[in-house]
1. Quick check on region D:182-192. Is at least one of its residues in a strand (DSSP E or B) and over 17 Å from D:Thr145 (Cβ atoms)?
2. Pairs please, first residue from region C:5-24 and more than 7 Å from chain B (Cβ to nearest Cβ) and assigned to a helix (DSSP H, G or I), second anywhere and modelled with pLDDT under 95 and open to solvent by 20 Å² or more (accessible area, probe 1.4 Å), Cβ atoms under 6 Å, 6+ apart in sequence or on different chains.
3. Return yes when C:Arg322 is more than 15 Å from C:Phe147 (Cβ to Cβ) and touching an Asp or Glu at 6+ places or on another chain (Cβ under 8 Å) and no when it is not.
4. Considering only residues that are out of contact with any Pro (no Cβ under 7 Å at 6 or more places or on another chain) and in a helix (DSSP H, G or I), look in region D:99-124 and name the one that is farthest from the other protein chains (Cβ to nearest Cβ).
5. Taking the conditions exactly as written (surrounded by fewer than 24 Cβ atoms within 10 Å (Cβ to Cβ) and over 23 Å from C:His130 (Cα atoms)), does A:Ala218 satisfy them or not?
6. Considering only region D:114-124, I want to know if a residue exists there that is touching a residue at least 40 places away in the same chain (Cβ under 8 Å), surrounded by 21 or more Cβ atoms within 10 Å (Cβ to Cβ) and not aromatic (Phe, Trp, Tyr).
7. What number of residues within region D:52-98 satisfy the criterion of being outside any helix (DSSP H, G or I), open to solvent by less than 10 Å² (accessible area, probe 1.4 Å) and within 14 Å of chain A (Cβ to nearest Cβ)?
8. Out of curiosity, is A:Met188 within 14 Å of another protein chain (Cβ to nearest Cβ), over 24 Å from A:Ser309 (Cβ atoms), of a type in the set (A, V, I, L, M, F, W, C) and open to solvent by less than 10 Å² (accessible area, probe 1.4 Å)?
4 protein chains.
Amino acid sequence: MLRFESDYGEGAHPRILQLLAASNLEQTPGYGEDHYSEEARSLIRTACRAPEADVHFLVGGTQTNFIVIEAALKPWQGVLCADNGHINVHETGAVEATGHKVLSLPAREGKINADQIRETYSAHYADESHEHMVQPGMVYLSSPTEFGTLYSRAEMTDISRTCRELGLFLYVDGARMGYGLMSEVNDMTLADYAALCDVFSIGGTKVGALFGEAVVIASPSLKKDFRYLMKQRGAMLAKGRLLGLQFLALFQDDLYFRIAAQADGLAMKLRRAFLEQGWKLLYDSFTNQQFPIIPNNVLQRLSGDYSFSFWQKIDETHSAVRFCTSWATVEESVDRLIADLRKPELEH
Amino acid sequence: MLRFESDYGEGAHPRILQLLAASNLEQTPGYGEDHYSEEARSLIRTACRAPEADVHFLVGGTQTNFIVIEAALKPWQGVLCADNGHINVHETGAVEATGHKVLSLPAREGKINADQIRETYSAHYADESHEHMVQPGMVYLSSPTEFGTLYSRAEMTDISRTCRELGLFLYVDGARMGYGLMSEVNDMTLADYAALCDVFSIGGTKVGALFGEAVVIASPSLKKDFRYLMKQRGAMLAKGRLLGLQFLALFQDDLYFRIAAQADGLAMKLRRAFLEQGWKLLYDSFTNQQFPIIPNNVLQRLSGDYSFSFWQKIDETHSAVRFCTSWATVEESVDRLIADLRKPELEH
Amino acid sequence: MLRFESDYGEGAHPRILQLLAASNLEQTPGYGEDHYSEEARSLIRTACRAPEADVHFLVGGTQTNFIVIEAALKPWQGVLCADNGHINVHETGAVEATGHKVLSLPAREGKINADQIRETYSAHYADESHEHMVQPGMVYLSSPTEFGTLYSRAEMTDISRTCRELGLFLYVDGARMGYGLMSEVNDMTLADYAALCDVFSIGGTKVGALFGEAVVIASPSLKKDFRYLMKQRGAMLAKGRLLGLQFLALFQDDLYFRIAAQADGLAMKLRRAFLEQGWKLLYDSFTNQQFPIIPNNVLQRLSGDYSFSFWQKIDETHSAVRFCTSWATVEESVDRLIADLRKPELEH
Amino acid sequence: MLRFESDYGEGAHPRILQLLAASNLEQTPGYGEDHYSEEARSLIRTACRAPEADVHFLVGGTQTNFIVIEAALKPWQGVLCADNGHINVHETGAVEATGHKVLSLPAREGKINADQIRETYSAHYADESHEHMVQPGMVYLSSPTEFGTLYSRAEMTDISRTCRELGLFLYVDGARMGYGLMSEVNDMTLADYAALCDVFSIGGTKVGALFGEAVVIASPSLKKDFRYLMKQRGAMLAKGRLLGLQFLALFQDDLYFRIAAQADGLAMKLRRAFLEQGWKLLYDSFTNQQFPIIPNNVLQRLSGDYSFSFWQKIDETHSAVRFCTSWATVEESVDRLIADLRKPELEH
């Protein structure tokens, strides 16, 4: 069985395991105050061209999202988000559990835009009884989105400008940041994220690490005492160096970018193969997640040898499914899948 | 200026003020353990034919909603609700502030139905990753709804049966309960609410009281220690008798029902007048809130003498507005408004 | 039965009921935006010599405390408080329910001092692992305290200076503010509170109102959007004028001060009577709460005609009890109690 | 520099790293539903003789504590705890952040007893106004405690019986469980914990793992939907097998017990050396943490070559410090430290 159903099915890039083993018996201070974490923070600041940024390492994505959002919002504020946003549908109400409403906006291709943000903000204050409604305090985006799509630099700049004008924090969830950055259609850099966002994350879990998300805080007003909240919410790993050394390995020699590029390349190969078959794509993704609409009989045939995620029913004979590549996907697997895709269906 | 913009613009029915004055220097135990509160509870139990029900008096509607919902839900559960539900849009995220997501469903005429509840529940458990999503734990309805519409006994029975089958609590927010019960299209009784719901409220604030909502808990599993939560959330009035004696006055001699009936009657008079003008109604309400769609020039003319709430723009020349009657509305005011409605517009 | 067990056993001063009745059928905007509330705010600002202060009216004391504290603190901060403080022991964990720890300090006569605050603050930051502990963010005092004692102007100035130096908010819970201000040993004014505190409350519930606490916010950084939190936490009364007109009545013609002075005078009369009997006082209170230590046989005898609160066992034959006077206590009651106190015990 | 200042300074036992490497490219389902986690759960159930217990793997100790406590308590309940308990002082108010008060009791040698629990419970319900106070809902113990001391089976049985009689949940935080179980004075087994507690944890972070705590839920009423809360609070690791395989390694061939026994043995060697010097122990610990009271000049001399934690000042010339051994401590280090301890101080 070749698995394409997620990008977190394997362990970690071998370089991470090597560093883990090499450092195993070294004694270091806990809670992220070790030299590995410090070096990793330094490399990330450099990669972001943000020497003043604060960088923290957290364990997982849900944790990262609710802690960043809680740190930024006043008790009566909520966070704007695409209706399909991870915080809105797949985190068991983690943001609400910190007391904040997720204010969802209808998304197109998984994305929202500056106009929607502005309209929501204006509608709030235009209403006489705005104190009876949750006050917008932050905008949450993910890029790549849940559907593999990306915000362009123009879109992101527009959103950033709008947020700054309106006094809203802007947070980008980069759980799949690597796959976004290396996409052939991407025009954003880490430095752009640092310049345009107040805070964003660089995901490790899905891009080569065992686990771990780096949070980059660019906005001075969000920096103070962030570690207190990490500790309170269970996100300050005792052996914090485990996070530091993973990001150290990932940001040395551009490893993070190289493994993401490879995964994207294989995803593009798959994408072309789907299109060659004449199959439509549910979302126009140029990153490691692909959402082809495939005849059910083909899916049935493939499901014996390949795992993938059912996404949604399209009609009586077609379904959209998700195929993921990852840092661990090998070209042979993709080629075999493509070969099998192309096999003609047998007549009944 | 005659005010029709809300049903909480005046103080209280004179009988309440009389009882307040008559009892003023009496010394009673605090926190709802006085004899007025006990008598009021007893009258309400009788009116609900629910001798075993627990009855508590809280100060306001938002408070009532979030305390009832918090008392019922596990930390990872959410409450299903019409998208226009008061808890979803007009309580500044009070439910989320207790840690729970509001799971909104698209409403028709302000209402949701048993099928939607069942589908949402089924979709939750059908999803492999249901633990990553908020678990449905309760259904919140209001009747009358925000739009003045009512759930029929058939609808409510259907919803109740569905909730019981699925293990969801059913809560009805009765902030305008009186106006619902006395509506000419209503077929529900307080006894029906007690039989079909786990918990519901009987609103005082909008139906003759200075303030106050009675919470009727029918479900044994919700009764225990409810007063602890009231105290914790600031809902246990020191001079609790103020709430008790208001509900005592309202439930003696059917005062609550009589004043609500009068308000409904005046609203029906208005409704007929709107329809006679050939104006459509945004929602088909038979309670004290009416939502006519009126030409803007007429609204402009009326706005000098009458206050009402702008609801939404319909087209370039028409708007939907809200007119409320209340226990305090006098027939003369309604008649004068109707007479003015009927005046032909002057030519320009 | 003459009741001395609390200061919230009766309704309200007659002037409040009169204003309530006189205004009953007037239609006003809701949620505290009416002219009564505006006038009351203005009178309170004047009384506090704080023309820039924000004044809000909330329903009850627990509600006031947790909302003020929640508005001020970051998620990882706690509030310092005397171990016997109301928020620490008698509010069912209302502050913790908003996510914040109450950091209790050992009190003397119900009070804490500037040195304790400074030591706690220093100990926090001296600890290498301070991020693993709750960060002090605010100091909560009550004056009068739970034990009827008062902070002098010197003590309050010292605490205020310390808080400002350390960057801690200072909040004074004035649930019994009137009885404190009019005490014969008091040297604080409302203007002093406004000058020395960031925020404080002026209690109505125990000083002549049916219910209601005025919150005076002096610190600019606490003013913004306070009403959002009031709404979210169920503290924004629909008919907000009910609060406004009560404080209007109380702050016209110095009513608040006059009724508090009368209650204090009667309490002093009781105090002198206790001391004349040779009885000790558990706390040295010069406000409306008195805590005499009385032989159990005397208490037994009195308990048939007078109600009072058992406070604590002192030894096998003596108990400390609490007698309260209030705005509603009449001199005849106090005189009768004193006469009965003085009766010699019968021999067995 | 030889480090004795904590038991989480190194990485993990080599067997864990081996298993990590061996399984690295295997694709498994996420979120703890892999076969490694299942095998580890099975081994732990067997070790606890609790075939019906639920076992979950969480990332860290603070996270484990607040999630277990939140899962068990009603919103108005608090958790009883020794005043020095980790949840009370060193988790940045994590429990309060979930809305629950920590009700601290004065501890002796870091421990509380059944009588204290019973008295606190009785005092709560004896108070007329118990609804104004936080309701006791759970007892939290740690064993070993923060001070290295242990609850005996007699003490634990007494506490368990008391909790069951009173309807309180009993939770034991076993962050250092291994060092407790293998202590020469211990008479508890994992099976005893499973029989006497409702829920307890088995710490991995401090006993050989990179990170991870196993939660064993014995009480049926705590089992339902626990994973929802794990997800909501950021404790459900995407690559959950990382936790499973660590506990698998630890519970195969009694590795967990063997490495803990070795650490305890070295700690006893240190303990004897301290006592031989005539130094007192601040706490009478027979586990891996030792708290000797040592002359300051000796500490000064040692601090060049050894790291340890300053604990508290005893008098002008003595301090209590903490020395920890761990699964990673080698006998040579301990021997060198002991030799240095014994060196006579030079005269000045």
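The values are calculated or read from the model by the stated rules, or taken from the named source; none is laboratory data. What you see is a predicted model, and the numbers here were worked out from it, not measured in a lab. Please note: Cβ atoms are built from the backbone with ideal geometry, for glycine as well, and neighbour counts cover all protein chains shown. Ligands, DNA and RNA are excluded from the accessible area calculation, which covers all protein heavy atoms including side chains. Shrake-Rupley method; radii C 1.70, N 1.55, O 1.52, S 1.80 Å.
1. Taking region D:182-192 and keeping what is in a strand (DSSP E or B), we get none.
Checking region D:182-192: not a single residue is in a strand (DSSP E or B) and over 17 Å from D:Thr145 (Cβ atoms).
2. Short answer, once both residue conditions are applied: none.
3. On the way: more than 15 Å from C:Phe147 (Cβ to Cβ): no; touching an Asp or Glu at 6+ places or on another chain (Cβ under 8 Å): yes.
So C:Arg322 does not fit the description; no.
4. In the first step, residues of region D:99-124 are kept if they are out of contact with any Pro (no Cβ under 7 Å at 6 or more places or on another chain); the result is D:100-102, D:104-119, D:122-123.
Checking which are in a helix (DSSP H, G or I) leaves us with D:114-119, D:122-123.
Details: D:Ala114: 23, D:Asp115: 19, D:Gln116: 17, D:Ile117: 18, D:Arg118: 19, D:Glu119: 15, D:Ser122: 15, D:Ala123: 11 Å.
Taking the candidates together, the pick is D:Ala114.
5. Numbers: surrounded by fewer than 24 Cβ atoms within 10 Å (Cβ to Cβ): yes; over 23 Å from C:His130 (Cα atoms): yes.
For A:Ala218, the condition - surrounded by fewer than 24 Cβ atoms within 10 Å (Cβ to Cβ) and over 23 Å from C:His130 (Cα atoms) - is met.
6. Step one: of region D:114-124, the residues touching a residue at least 40 places away in the same chain (Cβ under 8 Å) are D:114, D:117-118, D:120-121.
Now restrict to residues that are surrounded by 21 or more Cβ atoms within 10 Å (Cβ to Cβ): D:117.
Subsequent filtering for residues that are not aromatic (Phe, Trp, Tyr) retains D:117.
Within region D:114-124, one or more residues are touching a residue at least 40 places away in the same chain (Cβ under 8 Å), surrounded by 21 or more Cβ atoms within 10 Å (Cβ to Cβ) and not aromatic (Phe, Trp, Tyr).
7. Adding up the residues that qualify gives 5.
8. Values: within 14 Å of another protein chain (Cβ to nearest Cβ): no; over 24 Å from A:Ser309 (Cβ atoms): yes; of a type in the set (A, V, I, L, M, F, W, C): yes; open to solvent by less than 10 Å² (accessible area, probe 1.4 Å): yes.
So A:Met188 fails the test.
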